[in-house]
1. Quick check: Cα centre of segment B:60-111 to Cα centre of segment B:168-198, how many Å?
2. Rounded to the nearest Å, what's the spacing between the alpha carbon centres of segment B:18-55 and segment A:46-82? Just the number, please.
3. With only Lys, Arg, Asp and Glu charged, each at its Cβ (+1 for the first two, -1 for the last two), find how big the charge dipole of segment A:1-106 is about the Cα centre; round to the nearest 20 debye.
4. Could you tell me which of B:N140, B:A91, B:G164 has its Cα farthest along the dipole of segment B:25-182 towards the positive end, charges placed at Cβ (Lys, Arg +1; Asp, Glu -1), taken about the Cα centre?
5. In the neighborhood of B:I180, defined by Cβ-to-Cβ distances under 13 Å, what is the net charge if each Lys or Arg adds +1 and each Asp or Glu adds -1?
6. Could you work out the Rg to Rh ratio of segment B:53-187, with Rh taken as the Kirkwood radius (inverse of the mean 1/r over all Cα pairs)?
7. Given contacts defined as C-alpha pairs under 8 Å and at least six residues apart, what's the relative contact order of segment B:125-249, whole-number percent?
8. Take each uninterrupted DSSP H stretch in chain B, measure its Cα extent along the helix axis, and return the ones at 20 Å or beyond whose mean Kyte-Doolittle hydropathy is at least 1.0.
Amino acid sequence: MSTNNNTITIGVLALQGAFEEHQQCLEAISPNIRTVQIRTPDQLESIDGIVFPGGESTSMGLIGDVTTGLWDGLRNFVHNSGKPTWGTCAGMILLAERCIGTSAVITKGQSLIGGVDILVCRNYFGSQISSFEMSTPAPPAPFATVDATDDDDGKKDNDDSSFPGVFIRAPAILTAPPDVQVLGTVVAAPCRAAAVVLRELERKLEAGENVIQLGVVDALEERLMER
Amino acid sequence: MTGTNGNGNGAKIGTDKVKQGLAQMLKGGVIMDVMNVEQAKIAEAAGAVAVMALERIPADIRRDGGVARMSDPNMILEIKNAVTIPVMAKARIGHFVEAQILEACEVDYIDESEVLTMADEVNHIDKNVFNVPFVCGCRNIGEALRRCAEGAAMLRTKGEAGTGNIVEAVRHARTVQSEIKRLSVMTKDELFVAAKELRAPYELVKFVADNGRLPVVNFAAGGVATPADAALMMQLGMDGVFVGSGIFKSANPEARAAAIVKAVTHYKDPKVLMEVSTGLGPAMVGISDIKGDPVNFRDREGGEYMYAGVVPPKKELHGNTETQVYGSSWAN
């Protein structure tokens, strides 16, 4: 805070979820990074970038929807400001252009901010009991350098090439266009509930409502045939 | 306690990180008690982060007495199918088979709850052996850390469920907070004695002293009835709020549920709190004299209960939960 020119202010959407954890991680990167919790649209004016943290996407969408002007403010920030935007887990769902597996109750579906041209399936892996940790490919340089502590003694440790992935009632990105850079992939069959949703989508696709290729659904059909 | 950084693609389930992580995702949210699909949908539409599926809400258990047990799995599964938010369910203290059944139901969290009748007066469930995470109640930091040692991945204040009276939840929240502050200024040698006095594992006491916080997320529960109650608990430093009887025992559940959700998000903004507190209709009637009430959920803890391990004296029958459990013909 000594020199205001160097200070970067990052907003963290604080409707619900792990926003404090994101603030702690961001502030640990550098003393020049300051974070603010975003709950109202006017708080968006002073920030240089925004993070949409993990949490319950249904709740975030509903809480955001009833907060006057917040959703429009966020849409404007993400689509028009040109400032960087980050989405984790539920936050990523909010940033997706299309989302399936939303609640039966909420008729208008998941309230999305949009901005990233991806198709997301909520709760792809199932209930909490199917939540898991696994190594995923390490992100490229600008992100990986944050944790690079044992670089100097050569690359003996394979750990350099992997990154701990934590999937808690996690969503999956099913499709991404070529101009979206995919950093890593996990191969997994969808849970029962997600499979039903995906098959329903497949049926709609066959009925000609939209045309997106879904490799995952094909793989699922094969698995079901085996049983 | 499972290792994490293995190469290859072996996915590990039921690790501490995964179990405690879901609680972190629920932070800043409201978890609501629901008794059927209809109520679950009202809760989800109001913005609840999770629902607690149970057959009788605490206010009814207080009133009706009888042995309160785990809910029918069918009812839990119906609710699971009706909503996309996490579904929790309660097991009796020490009843590890109820917990096994709930795990088989694939509930997202199990509440080893003092609101249900205790199944074991000495031992709690060994929660470390389950893949499904557990939430447990606590009145003070010793109790909180004992539950963490047993594998609880989330804590909540006990409060006094079903009373609509926030006083016990405030007491438990303030007690835990002040004990954390006390531990964090202690010297290293004092911590050994503190662990002894708190009857909690030294490693966990040291963690609290070093980090100035509990090892897991801590929610408020037991007596939250209004948006103001919820915001009070948030301002006291709680990570989120459970609302049990407060919503579906009130005049207008939809409006009250949405108002409490909004109050928890904007807990520091009195203007929003004023707005959401307006025109909700009557709150649940509740119980003001908690000490005089014959039902006491909050003091139920394995190994701590008044008659743990000994034959209880003969008691007069009043018909509430407690006396029915001990309504025996034992001579003094």
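1. 32
2. So the two Cα centres are separated by 22 Å.
3. 140
4. B:N140
5. On the way: positive: B:R174, B:K181, B:R182, B:K206, B:R213; negative: B:E179, B:D210.
In short, +3.
6. Answer for segment B:53-187: 0.99.
7. 28
8. Details: long enough: B:167-184 (26 Å, -0.49).
TM-like helix candidates: nothing returned.
Here, each number is a calculation from the coordinates, and none is a lab measurement. Given the structure is predicted, the values throughout are model-derived calculations rather than measurements. Here Cβ is always computed from backbone atoms with ideal geometry, including for glycine, and neighbour counts include all displayed protein chains.
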